[in-house]
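Structure first, then comments.
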Amino acid sequence: MKIILASGSPRRKELLEMLNVKNLEIIPAVGEEAPHPELAPDALVKELSRCKAAEVAARCAGADDVVIGADTIVVLDDAVLGKPKSPDDAKRMLRALSGRSHTVFTGVTVIRGSEQLRCAERTEVSFRALSDEEIARYVATGEPMDKAGAYGAQGYASLFVERLDGDFFNVMGLPLCALGILLNQIGVNLI
């Protein structure tokens, strides 16, 4: 049995390696993420994670392999903040998050054979007020460019997070407690 992560995210890979997951393979989904404006954020991330996991399962997984798909979004005032398209877009997002609270949603799908389990995790994050100079210096590090909401709470942006209510690993892109529950339900124990 292999455990296949349907993501190229170095943070998700790092989290699974932290748990010493054996037989881990990284096979990113290649399909385009289709927008679903009609879906609530929790339903959206579950659907996106399902699409990623199903694509990789159909393409690469054996009957006993386990495929993990995940998708993370940041929501501020009912607006979804994805990955920034440019440094200016990252600055815009960070200015919007400055001194405010927002919600991070991650959907997780686990597929093994014909079994498919999904969940969505929600974490509230509060940023302190940020100066334009801090935002510019942070964007210049390059760290925000591949992250939903233009920040990584495990990196330099940890200096911005005043409060967090929920699973910290969810903010990194893979809620480990929820993932562990899904894996147990599908017959895989990580301990």
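The values are calculated or read from the model by the stated rules, or taken from the named source; none is laboratory data. As the structure is a computational prediction, the values presented were derived from the model and not from experiment. FYI the Cβ positions are ideal-geometry reconstructions off the backbone, even for glycines, and counts take in every protein chain you see. With ligands, DNA and RNA removed, areas are computed over all heavy atoms of the protein, side chains included. Shrake-Rupley method; radii C 1.70, N 1.55, O 1.52, S 1.80 Å.
For the reader, a short list of remarks on this structure follows.
- Restricting the range 13-56 to residues that are β-branched (Val, Ile, Thr) and out of contact with any Gly (no Cβ under 8 Å at 6 or more places or on another chain), the residue that is nearest to Val188 (Cα to Cα) is Val21.
- Pairs with Cβ under 9 Å, 6+ apart, first in the range 155-177 and closer than 13 Å to Pro144 by Cα and open to solvent by 20 Å² or more (accessible area, probe 1.4 Å), second hydroxyl-bearing (Ser, Thr, Tyr) and assigned to a helix (DSSP H, G or I): Tyr156/Tyr138
- Any chance Ala70 is part of a helix (DSSP H, G or I), open to solvent by less than 40 Å² (accessible area, probe 1.4 Å) and modelled with pLDDT of 95 or more: no
- Of all residues in the range 134-154 being closer than 25 Å to Ser49 by Cα and without any contact (Cβ under 8 Å) to a residue 40 or more places away in the chain, the one that is most open to solvent (accessible area, probe 1.4 Å): Glu143
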